Amino acid sequence: MEESQGIVSTIALTLGASWASGINLYAAVLALGLMGATGNFDLPPGLEVLANPLVIAAAGFMYFVEFFVDKTPALDTGWDAIHTFIRIPAGAMLAAGAVGDAGPAMEFAAFLVGGGLAATAHVTKAGSRVIINTSPEPFTNWGASIAEDVAVFAGIWGAINHPWLFLGFLGVFLALVIWLLPKIWRGLKRIGRTIRGWFGGKKEPDMREIGTRADDG
């Protein structure tokens, strides 16, 4: 019984760390590091470095920066674009570290799954925020950013303390992503067409002008 519970806890931590990294890497590292440093959770060997004061300070500083950047429309989109190359590999590495000393095969499998989950969370966040930024008021952006921060800290806490509950939440999240991603893609395509129209699109011909030219001919 304890062994099966341990496996579930490891799975929840693996998926939780990678999922949270795709949304806000620095918040995820900060949460794990603080819980490890304060003795509230025994980090697996592959993640013990997160409890180092230097790592906690660096994660805290970057989270402070992202807290404000992420709530600034347009600027947050550029931040997300840059972090495509940071959140996804970091999520994969955290997932691999979360499985402890389970062996190279298990670590590599966790690396692949963690990278995929981090990418899914990141793309969902970044794509939805691009669409949200089309709103002229800033409150929707602020609300989305705060909700993401809360979700990351709550998700890490839940993955550690209530693994079954977190896995259920993750299942709901993935179902929502399957439903949401096509809508995000269509929204991004509409925004792309609008931007092309601003900077290089051809003006639609005036039908009355065409008719006048035909009469003159």
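Of note:
- Of all the listed residues (Leu13, Leu34), the sole one being of a type outside the set (Gly, Ala, Ser), out of contact with any Ser or Thr (no Cβ under 8 Å at 6 or more places or on another chain) and surrounded by 23 or more Cβ atoms within 10 Å (Cβ to Cβ) is Leu13.
- Residue that is hydrophobic (A, V, I, L, M, F, W, C), closer than 20 Å to Gly127 by Cα and in contact (Cβ under 8 Å) with a residue 12 or more places away in the chain, where the choices are Ala37, Ala74: Ala74
- In summary, Ala95 fulfils each of the numbered conditions (1) within 23 Å of Trp179 (Cβ to Cβ); (2) within 17 Å of the chain's Cα centre (by Cα); (3) small (Gly, Ala, Ser) with the single exception of condition (1).
- Out of Ala105, Ala95, Ala58, Ala81, one residue alone is crowded, with 18+ Cβ neighbours inside 10 Å and either at positive phi or part of a helix (DSSP H, G or I) (or both). It is Ala95.
- Residue match in region 136-148 (condition: assigned to a helix (DSSP H, G or I), in contact (Cβ under 8 Å) with a residue 24 or more places away in the chain and under 23 Å from Trp164 (Cα atoms)): yes
- Thr72 vs. criteria touching a Lys or Arg at 6+ places or on another chain (Cβ under 7 Å) and either modelled with pLDDT under 95 or within 24 Å of Leu181 (Cβ to Cβ) (or both): no
- Considering Ile56, Ile86, Ile82, the condition of being under 14 Å from the mean Cα position of the chain (by Cα), among the hydrophobic types (A, V, I, L, M, F, W, C) and farther than 26 Å from Phe139 by Cβ is satisfied by Ile86 alone.
- Note on region 16-31: residues that are surrounded by 24 or more Cβ atoms within 10 Å (Cβ to Cβ) and of a type in the set (Ser, Thr, Tyr) amount to 2.
The values are calculated or read from the model by the stated rules, or taken from the named source; none is laboratory data. These figures come from a predicted structure and were not determined experimentally. Note that we place each Cβ from the backbone using ideal geometry, even for glycine, and neighbour counts take in every protein chain shown.
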